[in-house]
Amino acid sequence: MDRYEGSTALVTGAASGIGRAMAERLAEEGCAVVCADIDGEGAEDTAAQLLEKGSRASAIKLDVTDSTAIKEAIEKTIDEFGSFDVLMNNAGIAGGSWEDTIDINLSGVYYGLQHGCRVMAQRGGGSIVNTASVAGLNGLVGTTVTPEELLQGEGAVGTGAYTAAKHGVVGLTRQFAVTYGKLNVRVNAICPGYIVTPMTAPFREREGGTEFLESLHPIGRLGESEEIASAAAFLASSDASFITGIALPVDGGYTAR
Ligand SMILES: NC(=O)c1ccc[n+]([C@@H]2O[C@H](COP(=O)([O-])OP(=O)(O)OC[C@H]3O[C@@H](n4cnc5c(N)ncnc54)[C@H](O)[C@@H]3O)[C@@H](O)[C@H]2O)c1
């Protein structure tokens, strides 16, 4: 497929996991990709792989909690490749403090939407996909918290912050889709179930962890990054030209129950 021939994308969190798979998928479909991550070396590594395969790519060290840095990353994208058609607001953390989680997982997406929508609208349009989570639609079930931890009073902080941030991402997705619809900017979210990436390693590596997580998905297994990337690549493409403001579960049936 060459749905992205002549297009340019900025992908945050592109050093690892889902973001890396998004960068690879977009590049395979002809897109020039700016790989952005707070892990600058990891971003370089992803970009190097894309270049090796003959794609157009570059890397940038970017902290998504820095609004000005996001604005500059968008400008760099345009300077380098001459267009700015797709933004994947994907960078995120799990298991952090309330403050870090809200800063990165929610404010980081907000800054991307704020600058991304404006610049795309000025240039005639574009498409943004935010990586939310099934935790943007429902509460998470007993993965990170033991009853003992709950009794100590701190146990729900990580999941609470993550779920609040991801619900916020779904809200931002709807609001920016409504606000920018007539300016030809589409905004959607994907809501992955549990995916095999470094983020979920601590949960998978607990005794019985993988089996427990698998049991939450009616399909009976965890997802792969490429399965999230293909859904994101669909939503950002012209194949989804009449889709905006949705939060699409890509979750092996997790939210179907
Ligand atoms: N893995 C899952 O099961 C799962 C499920 C639902 C949603 N998600 C979401 O998918 C996204 C990607 O997660 P992943 O599983 O690929 O995790 P990952 O840890 O493999 O990758 C996350 C990337 O984000 C980068 N990052 C972290 N903070 C950053 C910051 N301040 N600025 C820029 N980059 C930063 C990290 O360096 C890393 O490369 C996240 O938003 C996550 O919440 C993941």
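The values are calculated or read from the model by the stated rules, or taken from the named source; none is laboratory data. Keep in mind that what you see is a predicted model, and the values were worked out from it rather than measured. Positions of Cβ are generated from backbone atoms using ideal geometry, with glycine treated the same way; all protein chains shown enter the neighbour counts.
Name the helices (runs of 4 or more DSSP H) wholly inside the range 198-254 in which the number of residues that are more than 11 Å from the ligand (Cβ to nearest atom), touching a residue at least 12 places away in the same chain (Cβ under 8 Å) and within 18 Å of the chain's Cα centre (by Cα) is 2 or more. Quick ask: steps written out before the conclusion?
On the way: elements: 201-204, 209-215, 225-236.
Passing ranges, in order: 225-236.
Among the listed residues A47, A43, A91, A36, identify the single one that is buried (at least 23 other Cβ atoms within 10 Å of the Cβ), at pLDDT 95 or above, near the ligand (Cβ under 9 Å from one of its atoms) and over 25 Å from A177 (Cα atoms). Spell out how you get there, then give the answer.
On the way: A47 fails: near the ligand (Cβ under 9 Å from one of its atoms); A91 fails: over 25 Å from A177 (Cα atoms); A36 fails: over 25 Å from A177 (Cα atoms).
Exactly one residue qualifies, and that residue is A43.
I'd like the residue in the range 183-196 that is within 13 Å of the chain's Cα centre (by Cα) and not hydrophobic (A, V, I, L, M, F, W, C) and, out of all such residues, is nearest to T244 (Cα to Cα).
Residues of the range 183-196 that are within 13 Å of the chain's Cα centre (by Cα), as a first pass: 187-193, 195.
Okay, now just the ones that are also not hydrophobic (A, V, I, L, M, F, W, C), so 188, 192-193.
Working: N188: 6, P192: 18, G193: 21 Å.
The residue in question is N188.
Only one of (1) over 24 Å from I195 (Cβ atoms); (2) surrounded by fewer than 24 Cβ atoms within 10 Å (Cβ to Cβ) fails for T65. Which number is that?
Single failed check for T65: (1).
Return yes or no: is T144 at pLDDT below 95, within 14 Å of the ligand (Cβ to nearest atom) and either part of a helix (DSSP H, G or I) or in contact with a Lys or Arg (Cβ under 9 Å, 6 or more places away or on another chain) (or both)? So that I can check it myself, show each step before the final result.
Details: at pLDDT below 95: yes; within 14 Å of the ligand (Cβ to nearest atom): yes; either part of a helix (DSSP H, G or I) or in contact with a Lys or Arg (Cβ under 9 Å, 6 or more places away or on another chain) (or both): no.
Considered against the rule, which asks whether it is at pLDDT below 95, within 14 Å of the ligand (Cβ to nearest atom) and either part of a helix (DSSP H, G or I) or in contact with a Lys or Arg (Cβ under 9 Å, 6 or more places away or on another chain) (or both), T144 comes out as no.
Residues checked against (1) within 13 Å of the ligand (Cβ to nearest atom); (2) farther than 19 Å from G171 by Cβ; (3) touching a residue at least 12 places away in the same chain (Cβ under 8 Å); (4) part of a loop (DSSP other than H, G, I, E, B):
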| position | (1), (2), (3), (4) |
| --- | --- |
| V64 | yes, no, yes, yes |
| I78 | no, yes, yes, no |
| H115 | no, no, yes, no |
| V129 | yes, no, yes, no |
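How about the range 94-112: which of its residues are more than 8 Å from the ligand (Cβ to nearest atom), under 20 Å from A135 (Cβ atoms), under 18 Å from the mean Cα position of the chain (by Cα) and assigned to a helix (DSSP H, G or I)? First the steps, then the outcome.
Of the range 94-112, the ones more than 8 Å from the ligand (Cβ to nearest atom) are 95-102, 106-107, 109-112.
Then keep just the ones that are under 20 Å from A135 (Cβ atoms); that gives 95-102, 106-107, 109-110, 112.
Going one step further and asking which of them are under 18 Å from the mean Cα position of the chain (by Cα), we end up with 95-96, 100-102, 106-107, 109-110, 112.
D100, T101, I102, L106, S107, V109, Y110, G112, listed by residue number.
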